[in-house]
1. Could you go through the stretch 216-226 and let me know if any residue there is β-branched (Val, Ile, Thr), within 17 Å of MET146 (Cβ to Cβ) and crowded, with 16+ Cβ neighbours inside 10 Å.
2. So is ARG128 of a type in the set (Lys, Arg), in a helix (DSSP H, G or I) and in contact with a helix residue (DSSP H, G or I) (Cβ under 6 Å, 6 or more places away or on another chain) or not?
3. Can you list residue pairs whose Cβ atoms sit under 8 Å apart, with the first residue in the stretch 54-66 being at positive phi and the second being surrounded by 10 or more Cβ atoms within 10 Å (Cβ to Cβ) and polar (S, T, N, Q)? Count only pairs 6 or more apart in sequence or on different chains.
4. From the list GLU165, GLU185, exactly one residue is more than 21 Å from ILE207 (Cα to Cα) and either of a type outside the set (Phe, Trp, Tyr) or in contact (Cβ under 8 Å) with a residue 12 or more places away in the chain (or both). Which is it?
5. Filter the stretch 131-161 down to residues that are not acidic (Asp, Glu) and not in a loop (DSSP other than H, G, I, E, B), then give me how many there are.
6. Report whether or not ILE207 is in the same structural domain as TYR41 (by TED's automatic domain parsing), outside any loop (DSSP other than H, G, I, E, B) and either surrounded by 17 or more Cβ atoms within 10 Å (Cβ to Cβ) or among the β-branched types (Val, Ile, Thr) (or both).
Amino acid sequence: MSDETAECLGLQLNKNRRYRLSVSQELEFVNGKSGPRILIYDIETSRMLAKTWWTGKQYVGSNQVVREPKIITIAWKWFGTDEVEYVSWDKNHDDKELLKKFLHEYNRADLVIGQNNDKFDNRWINARALKHRLDVNMLVRSLDLMKQAKKHFRLPGYSMKFMTEFMGVETKMEHEGIKMWDMIEDGTKEQQAEYMQKMIDYNVQDIVATEQMYLMFRKYIGTVTHLGMFSGGDKSDCPSCASDDVEHRRVTYTAAGTLQHIMRCKDCGTEYKVSNRTYLNFLESERIYE
């Protein structure tokens with residue numbers, strides 16, 4: 001690429017003698033306007049209705065279901081932005097239009113983040129998309145904060161309420177329990193409207209809490225994709241926040257004896273491994289930059 005072309009595109013030459021995003025473009029990347037789009041989301045679902053012979057603990061087969069569960073609300077935000085958006089099912093308790101609106105955002109995401117979303121939210125989105133014959137991004141990268149917490153930390157509990165209180169960040173909103181679902185599913189028109197707003201507020205607060213959890217977790221758990229590559233960086237850049245302000249910490253070896261280098265991001269604190277070749281390229285870029 002010529003210098004003239006790079007200047008027209010607003011690109012800057014980095015330490016590796018490669019063109020990358022300008023500061024303003026990187027801000028757009030953080031805000032989800034360019035580069036990787038990171039979507040934080042959460043869903044609330046209805047209960048299924050089934051016919052049973054009696055009360056108490058028993059097996060309920062799928063042939064006993066008379067009303068399938070649906071998605072009531074979905075709340076989401078693009079990482080780095082302030083606005084939390086949401087959608088809810090219609091007056092007939094149909095979630096097709098809700099899903100259409102959300103999938104317009106979900107299908108553009110490069111990474112989705114949630115609490116227990118690998119087991120719950122992602123599979124719900126896939127199932128309802130299948131139900132309504134809607135296209136859904138089955139290849140989206142997913143970062144499940146509950147799964148990562150269980151992998152990396154021994155905690156007394158892994159609920160969002162416990163973890164947010166444990167970390168001292170904004171926590172979940174309290175609600176009236178099963179009554180909220182009773183009113184939304186089977187209440188009067190006025191009760192449905194009142195409790196729908198309560199559920200939306202609850203859903204939106206979960207997004208705020210999830211983002212704060214992610215920011216606290218980030219340097220400990222890393223990421224499931226290399227964000228630095230999305231912004232035109234190098235493999236030695238931080239995979240969690242895309243910063244190229246990184247330093248070498250130490251070396252390690254794989255079981256097969258392969259040399260690896262552990263780098264640390266000076267911006268977000270993430271430590272990560274790079275190959276010896278990537279590290280040598282990093283050293284060369286540092287020498288050229290100096």
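1. Here is the first cut: in the stretch 216-226, the ones β-branched (Val, Ile, Thr) are 221, 223-225.
Narrowing further to those that are within 17 Å of MET146 (Cβ to Cβ): 221, 223-224.
From what is left, the residues that are crowded, with 16+ Cβ neighbours inside 10 Å are 221, 223.
The answer is yes, given that some residue of the stretch 216-226 is β-branched (Val, Ile, Thr), within 17 Å of MET146 (Cβ to Cβ) and crowded, with 16+ Cβ neighbours inside 10 Å.
2. Values: of a type in the set (Lys, Arg): yes; in a helix (DSSP H, G or I): yes; in contact with a helix residue (DSSP H, G or I) (Cβ under 6 Å, 6 or more places away or on another chain): yes.
It is true that ARG128 is of a type in the set (Lys, Arg), in a helix (DSSP H, G or I) and in contact with a helix residue (DSSP H, G or I) (Cβ under 6 Å, 6 or more places away or on another chain).
3. So the pair list comes out empty.
4. On the way: GLU165 fails: more than 21 Å from ILE207 (Cα to Cα).
After ruling out the rest, the residue left standing is GLU185.
5. Qualifying residue count, the stretch 131-161: 14.
6. In short, yes.
So that you can scan it fast, the table gives a plain yes or no per residue for (1) in a strand (DSSP E or B); (2) at pLDDT 95 or above; (3) closer than 21 Å to ALA129 by Cβ:
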site	(1), (2), (3)
ILE74	yes, yes, yes
GLY80	no, no, no
GLU83	no, no, no
TYR86	yes, yes, yes
HIS93	no, yes, yes
LEU99	no, yes, yes
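The values are calculated or read from the model by the stated rules, or taken from the named source; none is laboratory data. Keep in mind that this is a model prediction, so the values were computed, not measured. In this analysis, Cβ positions are derived from the backbone assuming ideal geometry, glycine residues included, and neighbour counts consider all displayed protein chains.
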